[in-house]
1. Mean separation of Cα pairs under 8 Å and 6+ residues apart, divided by the residue count of the range 177-305: what relative contact order is that in percent?
2. If you fit an axis through the alpha-carbon atoms of helix 281-294 and take the longest principal axis of the Cα set of the chain, what angle between them do you get, 0 to 90°, nearest 10?
3. Quick one: net charge around Ala23, please, counting Lys, Arg +1 and Asp, Glu -1 for every other residue with C-beta under 15 Å from its C-beta.
4. Got the relative contact order for the chain handy, in percent, Cα pairs under 8 Å and 6 or more residues apart?
5. How would the range 143-185 be classified by its alpha-carbon gyration tensor: rounded, prolate or oblate, with rounded meaning a/c under 1.5 and the a/b versus b/c comparison settling the rest?
6. According to the square roots a ≥ b ≥ c of the eigenvalues of the Cα gyration tensor, what is the shape class of the range 148-257, taking rounded for a/c under 1.5, prolate for a/b larger than b/c otherwise, and oblate for the remainder?
7. Quickly work out the Ala211-to-Phe187 label distance, labels modelled 7 Å from Cα along the C-beta direction, and quote it in nm with one decimal.
8. What are the ³J(HN,Hα) couplings of the range 134-142, residue after residue, when phi is run through the Karplus curve with 6.51, -1.76, 1.60 and θ = phi - 60°? Round to Hz, x for glycine and proline.
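Derivation of every value follows stated rules applied to the coordinates shown; laboratory data play no part. Since the structure is predicted, the reported quantities are computational estimates derived from the model, not experimental observations. No Cβ is skipped: glycine too gets one built from the backbone with ideal geometry, and neighbour counts run over all protein chains shown.
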Amino acid sequence: MSLPSSSREGATAFAPASAANVAIGFDILGFSVDVLGDKVTVKRTAAPGVVISGSSGVVKDIPRDPEKNTAGRALLAMQEALKPAFGFDAFIEKGIPLGSGLGGSAASAVAAVVAANALLEKPLSKIELLKFAMQGEAVSSGSLHVDNISPSLFGGLVLTVGIDNPRVKQIPVPNGIRAVLVHPHLFLSTKQARGILKGEVSMSDFIWQTANLAGFISGCYSNDLDVIRASFDDVVIEKQRSQLIPGFDAVRRGALDRGALGCTISGAGPTMFAWSLDADAPKVRDAMVAAFTAAGMRTDAWIVPISSTGAHVVA
Ligand code: HSE
């Protein structure tokens, strides 16, 4: 039997990876990817404050200064807002490579606040935890955006409207759709990938992007694969970032030729993902891997459902 929250000395939470933007929802839409994730163990300390006691896993040299650490910054935001009588000691197990476009910094921040929440006498709701995790994400990307944080925290395909007072909507995904993700072994900094973006959008691109976002969301709600396929097209961001990803055009073409509904960059990249029907997913994956290999990249690949319970306490 688990102890009541207020009696716990420590808790460990898992937060899944995520693919942000989903082509047409730059900074507002993302889906969780349960096959990868970060775990954070938070223990109570006598004095208020935050300590990063260590880390393990696929990322080395994680900053120990909590102000410079995504989990640490999120926990500091919690401490500053809630002022508990105790502090947090966090140990981070990285399952998501940094600079992969799979929401690694977001997952550490999310797992940290979910674990710390289990130590509170009156645990907060996920929507209340969102703003703390968001502060952590900003440490690595240099901006406040929620399209990795929200799906990692809530699970599934998630739309977030607003920053100061965010509204979160979990969008239904038609049955039988799978996400195919292929991660080329290349580090791409989110700050760099955001830094190259132009500050302005043409009227024509604005109209297409708006139509595609509306079409995509309505297609998801109405099980309309044709409108999802027609709308799965980023006319603003992708063309600016594709040059950062070796083999981008061939990977996308390979996926679409094998029946994918769409194929684009996961978050800031370099991971790319496609959505396809379950039966098509293996050949879509093989085509994407082959195209990256032809561009000289080693890869990892996954086929996953787009459904999840999001971050949760595991111990
Ligand atoms: N929406 C963000 C971007 C996600 O594409 O820059 C990466 O953190």
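1. Rounded, it is 41 percent for the range 177-305.
2. For helix 281-294, the angle is close to 90 degrees.
3. Working: positive: Arg229, Lys239, Arg241, Arg252; negative: Asp27, Asp147, Asp205, Asp233, Asp234, Glu238.
Local net charge: -2.
4. Numbers: 792 pairs, mean separation 74.7, N = 315.
Relative contact order comes out at 24 percent.
5. Values: a/c = 3.37, a/b = 1.36, b/c = 2.47.
The shape class here is oblate.
6. Working: a/c = 1.31, a/b = 1.18, b/c = 1.11.
It comes out rounded by the Cα gyration axes.
7. Roughly 4.2 nm, to one decimal.
8. 4, 4, x, 4, 5, 4, 8, 9, x
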